[in-house]
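Written out below as structure tokens is the structure these notes cover.
The values are calculated or read from the model by the stated rules, or taken from the named source; none is laboratory data. All values derive from a computational prediction rather than experimental measurement. Cβ sites come from the backbone with ideal geometry, for glycine too, and all protein chains shown count toward neighbours.
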Amino acid sequence: MNDIYSIAAKIAVLYPCDTIRHIAGKIADIRAQSVGGLELEMQWSPGHRKNPIVRQFCEFAAESSLASREVASILLSACATRELVGKDGMLEILWTGPQTAAVPVRQTEPALCELVDSAIKNLFIVSFVAYKAEKVYKAIRSALDRGVAVRILTEASKENGGSLEEAPAEILKKKFPDAKFYRWEDDSSSQHVVHAKCAIADGDAVLVTSANLTGAAMSKNMELGLLVKDRSVAGKLQRHFKALIDEHTIRRV
């Protein structure tokens, strides 16, 4: 029996917990005293079934004559442990674009929404532009409604030293009048832009990505990022942006 727990732990490291929870729910719904390996495999996507670790897990579960809810519980326990450990340090690859079976990666949009949903006190978001990211907007609205202090830094308009005809902050203000918006102001004559893209929740976790806060970046473009659940990293970035505000490098719009 120890083998199945070890394999479940490997699965929890390989795949996002929201994927594992979804599959565990499907397995739990199987009505049988014990489940067969093939029946278990069919609950996973075709890409997942190509992974030998997934096949091995299904084979061990079938050989152990476990009930479907017991198999689901093993997966959920491995997932919960991973998330608990992850609070003190975990790294996930985030990706928007073509998928492969070779390397399991997490979609950018659900990871960003999860990060926003996890915020309790503070949320700091940086993006060059922002439009048509409706699912993320919904998560931000929910964060504001539960009392999270939301700050958003975007590129400035040409009128204010930036590169855009219209500042994203002016558009977002209409959606989130209770959030605070910032732009980078530099007295030098050299051209500069806010090209960073990240989101920091409570100094506990940070998402760094190539994706702007746009619908295309969330669903169509090829975008790469990392979700870092590490207080030392996220805390440093949070303090860095706070210092930029305190020193008036980035200023309230």
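Among the conditions (1) under 26 Å from the mean Cα position of the chain (by Cα); (2) crowded, with 16+ Cβ neighbours inside 10 Å, residue 57 misses just one, which is (1).
For the stretch 8-25, what are the residues that are more than 19 Å from the chain's Cα centre (by Cα) and either in a loop (DSSP other than H, G, I, E, B) or under 9 Å from residue 78 (Cβ atoms) (or both)? 8, 9, 10 - these are the residues of the stretch 8-25 that are more than 19 Å from the chain's Cα centre (by Cα) and either in a loop (DSSP other than H, G, I, E, B) or under 9 Å from residue 78 (Cβ atoms) (or both).
Every residue, every condition in (1) under 25 Å from the mean Cα position of the chain (by Cα); (2) among the hydrophobic types (A, V, I, L, M, F, W, C), yes or no:
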| position | (1), (2) |
| --- | --- |
| 125 | yes, yes |
| 134 | yes, no |
| 138 | yes, no |
| 155 | yes, no |
| 166 | no, no |
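Considering the stretch 33-54, and only residues there that are in contact with a Leu (Cβ under 9 Å, 6 or more places away or on another chain) and buried (at least 20 other Cβ atoms within 10 Å of the Cβ), the residue that is farthest from residue 6 (Cα to Cα) turns out to be 35. Only residues that are touching an Asp or Glu at 6+ places or on another chain (Cβ under 8 Å) and farther than 15 Å from residue 209 by Cβ were counted in the stretch 109-122, giving 5.
This table checks each residue for (1) more than 30 Å from residue 97 (Cα to Cα); (2) touching a Pro at 6+ places or on another chain (Cβ under 6 Å); (3) touching a residue at least 24 places away in the same chain (Cβ under 8 Å).
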| residue | (1), (2), (3) |
| --- | --- |
| 146 | yes, no, no |
| 153 | no, no, yes |
| 165 | no, no, no |
| 199 | no, no, yes |
| 204 | no, no, yes |
| 216 | no, no, yes |
| 231 | no, no, yes |
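For the stretch 114-146, taking the residues that are of a type in the set (Lys, Arg) and more than 16 Å from residue 179 (Cβ to Cβ), the one that is surrounded by the fewest Cβ atoms within 10 Å (Cβ to Cβ) is identified as 132. Residues being among the basic types (Lys, Arg) and modelled with pLDDT under 85 are represented in the stretch 38-56 by at least one member.
Counting only residues that are among the hydroxyl-bearing types (Ser, Thr, Tyr) and surrounded by 12 or more Cβ atoms within 10 Å (Cβ to Cβ), how many does the stretch 228-253 have? Residues flagged as among the hydroxyl-bearing types (Ser, Thr, Tyr) and surrounded by 12 or more Cβ atoms within 10 Å (Cβ to Cβ) within the stretch 228-253 amount to 1. Filtering 80, 111, 62 for residues that are surrounded by fewer than 16 Cβ atoms within 10 Å (Cβ to Cβ) and not β-branched (Val, Ile, Thr) leaves a single hit, 80. Residue count for the stretch 99-137, restricted to those that are farther than 18 Å from residue 224 by Cα, among the acidic types (Asp, Glu) and at pLDDT 95 or above: 1.
Scanning the stretch 143-196 for residues that are of a type in the set (Val, Ile, Thr) and out of contact with any strand residue (DSSP E or B) (no Cβ under 6 Å at 6 or more places or on another chain) turns up 171, 193. For the stretch 147-193, taking the residues that are of a type in the set (Ser, Thr, Tyr) and not in a strand (DSSP E or B), the one that is surrounded by the most Cβ atoms within 10 Å (Cβ to Cβ) is identified as 163.
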